[in-house]
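Colleague: One structure follows; several queries about it will come next.
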Amino acid sequence: MRDGGMGGGGQGAVPNPGDLGWDEGLYRDGPQPYPPQQPAPGRQQGQVPGPRGPYGPGQGHAPGQAPGRIPGQGPGPGRIPGGIPGSRDGRDGYDDGYRGPGGDDDGYGGHGGDGPGGIPEESPAGPGHRGSGHRRGGPRRKQRSRKRKVLRWTAIGLAVVVLGTAGAAYGYYEYLSSKIRKGERISGKTTVKKPKANANGTSAMNILILGSDSRLSDEDKKLGGAADSSGARADVIMIAHLSADRSNMSVVSIPRDTRVNIPECEDSKTHKKYPPVNTIINASLGRGGPGCTLATVQNLTNIYIDHWLTIDFGGVVKMADVVGGVEVCVQHSVWDRPTKYIKHGGSGLKLTKGKHVIQGKQALQWLRTRDAFGSDAGRAEAQHMYMSSLIRTLRGQSLFTNPGRLNKIASTAMDAFQVSDEIGTPKKLYDLGMELKSIPPDRMTMLTMPHIADPEAPEAHYLPAENASTVWTLVRNDVAMDANGKAKTPGTASASPKPTTESGPPAAAPAAVPVSVVNGTAGTEGKQAVDHRATDIATALKTAGFTQAAPSKHAVPSPGTSVVYPAADGDQGKADATSVAKALKIPVSNVKPSPTAQTVTVTVGADWTKGTDYSATLPKAGGVPDNADAVNGADDSKCMPIQPIYRWAG
């Protein structure tokens, strides 16, 4: 196709020159003048070369048809060039900027006239009146049905448009794919396994979000990061948890200066192996990449992480710019700079008191500021403010009803982020973004892992506080961090939409259901289990009528409590297992099929070390510890406090 009407500019060309979006004329160079074609020797002007046709050798037109005229090419009376019957303005109706086949240059799809170049011949009836269509001086030929001709060319035109649109879409998809940077999902040793879907077939999703301070690009070097990949650190470490029914989301920050056990990791690119070490968690990024940080976080929290996303300094600037800035607020005028007490560092952030819309380098300074906000925990709080405001900004821009705007932001995001392999396609990233579409800001909660000062370095490092386990229990059990959702009662699906009608067979009588109870209170391998837990729960089940309940002789460490049933038992197995869960007040979301289970099996996890009522161990919705500094995503009233030495009279 000439003029780049479909599929881009050809081999070696940039698929999306100028970063144009669908609504900005992608894949269209616009009409261009072309010199008239010169006929080959011995051929009349406009004659179409080709094999012997039905009307004689070299004939490219039927009797009565003007030379050089291909049926359906060129404008008919009163039609815009390139138009398709039933379309508007000669376009395919897909988008105001895109022109596929049938556009200004190709000419296919228009209803043809009868004269040269598609201009209808005038009849004796006068100008503008179409002739009869039969040959002059010859016998009248039966006229083909005009309706059939219109239908035929409409069908051909639509087919061309569909193919053209698909071709352009594929080209743009390939362009977006080329922008995505990917890496291995996990590169460190971990024993945390992916949980099965709940009884309703849905699963929560956990995404690790990392902000890297590496400066592998010239852009990052200018913005000031670690000198090389081995020195890369994770300035931001967050777990984004999306509930199984996608009604709520929580984002938990782990302070980067938290001292943890980093497992053995291997760099997927260099294959260099790093031994296990006990140090601050942000060092994990330089010991095998994001996959090592993911393994470290899984081991720390006993939460399975589905995916990771990382963004570097340059990416932060790009994203802040493309959304048009993000609103933040400070209680006092702030200038984060070296002081006589802390001579190193200082992000350079300088703002007057009150609210500001920040973007570009200033947005990066906000996210990196530590000392002016008091500590690494203060920095995490400022990052939460930024993220909440960013989400509100994006929702306020009505992206899902503005494809061009959405495309521009999505394209920038794909260039700004690096992602784990399993989500490294435009479609999967788009689907991931759509998961957030229905979650309102007041069902989003930003919080920080509760922590205490590290006795080994109390002025610099942290350790997880004892009640950090409460936060991880909320996440593992898919309990909302906010209290704005509908109340749920124990023994019902806490993370799944309730069916409008009962389905499946009824559960068998309790006495007819064999149940095996496993002691998993050790949590992970190498830790000590609580004695007699399997026996205690089996006894409670017998009291409830499940007389075939018995403790297993084998302990299997598990961070969380679950109820599984043989997958081969189908709906009946699900019903029986659900009745067992209700007897112990275990949420139905914890009931899952298992291909290896021989009978209904209750695993008593590390989250249930005492008592026989599981619901008593569960934090209630919104039951976040006070020292987690939780902020609701809809709250835009808070302003960051500033340490006195970093205030200025601005």
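Colleague: Modelled label-to-label distance, residue 615 and residue 279, 7 Å Cα→beta-carbon offset: nm?
Modeller: It works out to 4.8 nm between the two label points.
Colleague: Between residue 553 and residue 339, take the C-beta separation as r, use R0 = 60 Å, and let me know the FRET efficiency to the nearest 0.05.
Modeller: 0.40
Colleague: Give me a comma-separated list of calculated 3J(HN,Hα) values for the range 630-645, in order, Karplus coefficients 6.51, -1.76, 1.60 applied at θ = phi - 60°, integers in Hz, x for any Gly or Pro.
Modeller: 5, 10, 6, x, 8, 7, 10, 9, 7, 10, 6, x, 10, 4, x, 5
Colleague: List every residue whose amide H lies under 5 Å from the amide H of residue 547, counting only residues 5 or more places away in sequence or on a different chain, with H placed 1.01 Å from N in the peptide plane.
Modeller: Placed amide hydrogens put 511 under 5 Å from residue 547.
Colleague: Specify, per residue and in Å³, the volume enclosed by the convex hull of the alpha carbon atoms belonging to the range 261-372.
Modeller: Residue-normalised Cα hull volume stands at 157 Å³.
Colleague: Averaged per residue, what accessible surface does the range 338-444 expose to a 1.4 Å probe, in Å²?
Modeller: 46
Colleague: Shifting gears a bit: Measuring from centroid to centroid over Cα atoms, what is the spacing of the range 351-394 and the range 194-213 in Å?
Modeller: Cα centroid of the range 351-394 versus Cα centroid of the range 194-213: 26 Å apart.
Colleague: When the chain is fully extended, how far beyond the present Cα-Cα distance does residue 331 get from residue 539, taking 0.36 nm per residue of separation?
Modeller: Computed gain between residue 331 and residue 539 is 69.1 nm.
Colleague: State whether the range 381-428 is rounded, prolate or oblate according to the following rule on the C-alpha gyration tensor (a ≥ b ≥ c being the square roots of its eigenvalues): a/c under 1.5 gives rounded; otherwise a/b larger than b/c gives prolate, and the remaining case gives oblate.
Modeller: Numbers: a/c = 2.49, a/b = 1.17, b/c = 2.14.
Here the range 381-428 falls in the oblate category.
Colleague: Would you mind checking 582/620; 189/592; 196/428 for any pair whose Cα atoms are more than 24 angstrom apart? Spell out each step's value before the answer.
Modeller: On the way: 582/620 17 Å; 189/592 26 Å; 196/428 20 Å.
The pairs that break the limit, which is 24 Å between Cα atoms, are 189/592.
Colleague: Using a 1.4 angstrom probe on heavy atoms only, work out the carbon and sulfur share of the accessible area of the range 387-455 in %.
Modeller: 62
Colleague: How much net charge surrounds residue 634 when only other residues with a Cβ under 13 Å from its Cβ are counted (Lys, Arg +1; Asp, Glu -1)?
Modeller: 0
Colleague: Suppose each label sits 7 Å from its Cα in the direction of the beta carbon; what would the residue 434-residue 596 distance come out to in nanometres?
Modeller: Here the answer is 3.5 nm between the modelled labels.
Colleague: Show me the ranking of peptides 186-193, 422-429 by mean Cβ neighbours inside 10 Å, starting with the highest.
Modeller: Top of the packing list down: 186-193, 422-429.
Colleague: 7 Å from Cα along Cα→Cβ at both residue 483 and residue 422: what's the point-to-point distance in nm?
Modeller: 3.6
Colleague: Now, a different point. Given H placed 1.01 Å from N in the peptide plane, which residues other than close sequence neighbours of residue 562 have an amide H under 5 Å from its amide H?
Modeller: 603, 605
Colleague: Another one. Show me, for the range 278-289, the HN-Hα J-couplings you get by feeding each phi into the Karplus relation (A = 6.51, B = -1.76, C = 1.60, θ = phi - 60°), rounded to Hz, glycine and proline as x.
Modeller: Residue by residue, the range 278-289 yields 9, 7, 6, 5, 5, 6, 5, 5, x, 10, x, x Hz.
Colleague: For the range 230-306, what is the accessible area per residue in Å², given a 1.4 Å probe and the full set of protein chains?
Modeller: 30
Colleague: Could I ask something else about it? I'd like to check one number: the per residue accessible area of the range 521-633, probe 1.4 Å, reported in Å² as a whole number.
Modeller: With all protein chains present, the range 521-633 gives 47 Å² per residue.
Colleague: When the label point is put 7 Å from the Cα of residue 453 along its Cα-to-beta-carbon vector, which residues of the range 352-384 have a backbone N closer than 14 Å?
Modeller: Those under the cut-off are 375-376.
Colleague: Using amide H atoms built in the peptide plane, which far-off residues or other-chain residues are under 5 Å from residue 640 H to H?
Modeller: Amide H to amide H, under 5 Å and 5 or more residues apart or across chains, residue 640 pairs with 329, 330, 331.
The values are calculated or read from the model by the stated rules, or taken from the named source; none is laboratory data. Only a predicted model underlies this, so the values are computations on that prediction, with no experimental measurement involved. Don't worry about glycine lacking a Cβ; one is built from the backbone with ideal geometry, like all the others, and counts go over all protein chains shown. Heads up: the accessible areas ignore ligands, DNA and RNA and are worked out on the full protein's heavy atoms, side chains in. Shrake-Rupley method; radii C 1.70, N 1.55, O 1.52, S 1.80 Å.
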